[in-house]
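Structure, as structure tokens:
The values are calculated or read from the model by the stated rules, or taken from the named source; none is laboratory data. Nothing here was measured: the structure is a model prediction, and the numbers come from that model. Using ideal geometry, Cβ is built from the backbone for each residue, glycine included, and neighbour counts are taken over all protein chains shown.
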Amino acid sequence: MLDTARRIATPEGIELTLRLAGPVPRALAWGIDLLIRGVILGFIAYTAAALKQSGMAIILLSAFLIEWLYPAWFEATRGATPGKRAIGLIVLNDDGTPVRWPAAMTRNLLRAADFLPTMYLAGFVAMVMNRDFKRLGDLAANTLVVYREQKLVPLAIPKAEPRAPGFALSITEQRAILDFAARSPGLTPERAEELAEIPQTLTKGTAPGKAAARLIGIANYLMGRT
């Protein structure tokens, strides 16, 4: 099953595009968390073994807390368990807001139902049966598992003498000019000139080899630089 994208509007009216995580990355994240939980419980069992009966009680209590509170605590406070973070996933509410304790507890307590009849078969069937890849816990808690967006490094527009375009530009045209100017430092001069010559109405009458400089000047004008 391929991952898909979903557009939602946040309560603040901002539209977000979320990349939904499918069964494969979620299974990998679960495997990492299972390994981490196993190591923690193994360490507790090793240290509590000398306590005999009271040690067994500690082990059983620890196993319960690690199995059920470990994922809920990480998702409610950090947005994702260590396994999900390693794969680049995060848990959100359906409206794109961070999950809190009620949703985190609901989706994790219902893992017992997702596990039925064995090896999360019910959860897998639920995921492939709906477009948002929701297992039963997600359906009950109204949550999504999506890819965490990488932090983008802002692109700086080179400073140049501002130049008015000479006529009104649409928002799309302004955005294209600003994007070109921001990316121009990473282009070879030849490639930058080749791209700059495409909007001929803006570079008409410009001396050869100066089309990129013309667009960068217009970008500075659009930025309000003086």
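Of the residues Met105, Met119, the single one that is at positive phi and either assigned to a helix (DSSP H, G or I) or aliphatic (A, V, I, L, M) (or both) is Met119.
Only one of the numbered conditions (1) in the same structural domain as Leu20 (by TED's automatic domain parsing); (2) at pLDDT 90 or above is violated by Arg131, and that is (2).
Restricting attention to the range 122-136, the residues that are of a type in the set (Val, Ile, Thr) and either assigned to a loop (DSSP other than H, G, I, E, B) or within 22 Å of the chain's Cα centre (by Cα) (or both) total 1. When Leu41, Leu51, Leu34, Leu60 are screened for being within 23 Å of Val91 (Cα to Cα) and without any contact (Cβ under 8 Å) to a residue 60 or more places away in the chain, only Leu34 passes. Filtered by the rule that a residue be of a type in the set (D, E, K, R), over 17 Å from Gly38 (Cα atoms) and part of a helix (DSSP H, G or I), the range 59-102 gives Glu75, Arg78, Arg85. Restricting the search to the range 65-90, which residues are closer than 19 Å to Gly22 by Cβ, in contact with a Lys or Arg (Cβ under 7 Å, 6 or more places away or on another chain) and surrounded by fewer than 20 Cβ atoms within 10 Å (Cβ to Cβ)? Gly88, the sole residue that qualifies. The residue pairs whose first member lies in the range 117-140 and is surrounded by 19 or more Cβ atoms within 10 Å (Cβ to Cβ), whose second member is of a type in the set (Phe, Trp, Tyr), and whose beta carbons are closer than 6 Å, counting only pairs six or more residues apart or on different chains, are Met127/Phe133. Residues that are in contact with an Asp or Glu (Cβ under 9 Å, 6 or more places away or on another chain) and crowded, with 17+ Cβ neighbours inside 10 Å within the range 91-104 comprise Val91, Val99, Ala103, Ala104, listed in sequence order. Before we move on, is Ala48 at pLDDT below 90 and of a type outside the set (Asp, Glu)? So Ala48 fits the description; yes.
If the condition is being surrounded by fewer than 19 Cβ atoms within 10 Å (Cβ to Cβ), more than 33 Å from the chain's Cα centre (by Cα) and small (Gly, Ala, Ser), then the range 172-216 contributes Gly205, Ala207, Gly209. Report yes if some residue within the range 94-101 is without any contact (Cβ under 8 Å) to a residue 24 or more places away in the chain and on the phi < 0 side of the Ramachandran plot; otherwise report no. Yes: one or more hits.
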